[in-house]
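Visitor: Right, I'll just put the structure down here and ask away after.
Computed from the coordinates by the stated procedures, all read-outs in this text should not be read as laboratory data. Everything quoted here is computed from the prediction, not taken from an experiment.
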């Protein structure tokens, strides 16, 4: 393992300032805005700066645990949809697996995500990367298990 370059250290420092600003924004009552900004930043970082993107995922989890944001909700309907249960995966692998599953969907395709906590951070990440191109519907909302139907509504570019 190599030590970080000065540029990487500067980048990590800037990301830390961003995290502090997001937490302050949420603390001032703008939790929804903080979540949307965090997800947009995560989207910019996730492919080239995975470590810093994971830091923003952790911040999204912290922000959404405070009860600030809301999402669409729907009736429980399972049908013949593939199920992705991420509860056995370590947290750092979950979002990668979920996005890979989404990317493999054809337009109109759906899957059901099964998780051990409310996946609100993931919702904001989907919104940042696929705004208007995905569907999100709660099928079950805890307290031990959350099931969310996630679909692809956009054509691949």
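Visitor: Divide, for the chain, the radius of gyration over alpha carbons by 2.2 N^0.38 Å, where N is the residue count.
Guide: 1.08
Visitor: Also, quick follow-up: For the chain, set up a Gaussian network in which alpha carbons nearer than 10 Å are linked by springs, and say which option among 56, 17, 45 fluctuates the most.
Guide: Maximum among the listed residues: 17.
Visitor: If you take the Cα atoms of the stretch 82-157, find Rg, then find the Kirkwood Rh from the mean of 1/r over all pairs, what is Rg/Rh?
Guide: 0.94
Visitor: Determine the calculated [θ] at 222 nm for the chain from helices alone, applying -39500 (n - 2.57) to every DSSP H run no shorter than 4 residues and normalising by the residue count; nearest 500 deg cm²/dmol.
Guide: Taking each H run of at least 4 residues, the total per residue is -16000 deg cm²/dmol.
Visitor: Report the full-extension gain for the segment residue 21 to residue 8: residue separation times 0.36 nm, less the Cα-Cα distance, to one decimal in nm.
Guide: 2.7 nm
Visitor: What share of all Cα pairs of the stretch 1-66, in percent, falls into each consecutive 10 Å distance bin?
Guide: 22, 52, 21, 5, 0
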